[in-house]
Amino acid sequence: RPSYEEMLRFYSYYKQATAGRCQGPRPGFWDPIGRYKWDAWYSLGGMSKEEAMAAYVAEMKKVAQKVTG
């Protein structure tokens with residue numbers, strides 16, 4: 001199973017590839033999961049959708065290598 005950090009990277013690359021740059025406001029204090037996800041997505045800045053797709057695939061390969069040994 002991927003780590004929480006890896007899952008956040010998958011989430012951020014997916015959102016960047018499908019929705020583009022993070023535009024919405026940061027979730028409030030009482031939504032820590034939403035804040036982690038928002039921070040991960042926001043950290044990608046102006047990465048293009050194509051770069052995000054490629055990064056998602058590269059991350060998937062890296063995690064698969066780790067799992068299969």
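The values are calculated or read from the model by the stated rules, or taken from the named source; none is laboratory data. Predicted model only: the values in this text are computed from it and were never measured. Positions of Cβ are backbone-derived with ideal geometry, glycine not excepted, and every protein chain shown enters the neighbour counts. Quick note on the areas: whole protein, heavy atoms, side chains included, nothing else; ligands and nucleic acids left out. Shrake-Rupley method; radii C 1.70, N 1.55, O 1.52, S 1.80 Å.
Restricting the search to region 22-40, which residues are open to solvent by 60 Å² or more (accessible area, probe 1.4 Å) and touching a Leu at 6+ places or on another chain (Cβ under 8 Å)?
Listed by number, the residues that qualify are Tyr36, Lys37.
Residue by residue through region 41-69, note down the ones that are open to solvent by 60 Å² or more (accessible area, probe 1.4 Å) and of a type in the set (S, T, N, Q).
Passing the criteria: Ser43, Gln65, Thr68.
Based on what the data block shows, is Val67 at pLDDT below 95, aliphatic (A, V, I, L, M) and either assigned to a helix (DSSP H, G or I) or out of contact with any Ser or Thr (no Cβ under 9 Å at 6 or more places or on another chain) (or both)? Talk me through it step by step, then tell me what you get.
Working: at pLDDT below 95: yes; aliphatic (A, V, I, L, M): yes; either assigned to a helix (DSSP H, G or I) or out of contact with any Ser or Thr (no Cβ under 9 Å at 6 or more places or on another chain) (or both): yes.
Here the answer is yes, as Val67 does meet what is asked.
Suppose the filter is touching a Lys or Arg at 6+ places or on another chain (Cβ under 8 Å), surrounded by 14 or more Cβ atoms within 10 Å (Cβ to Cβ), assigned to a helix (DSSP H, G or I) and among the charged types (D, E, K, R); does Arg9 pass it?
No, not satisfied.
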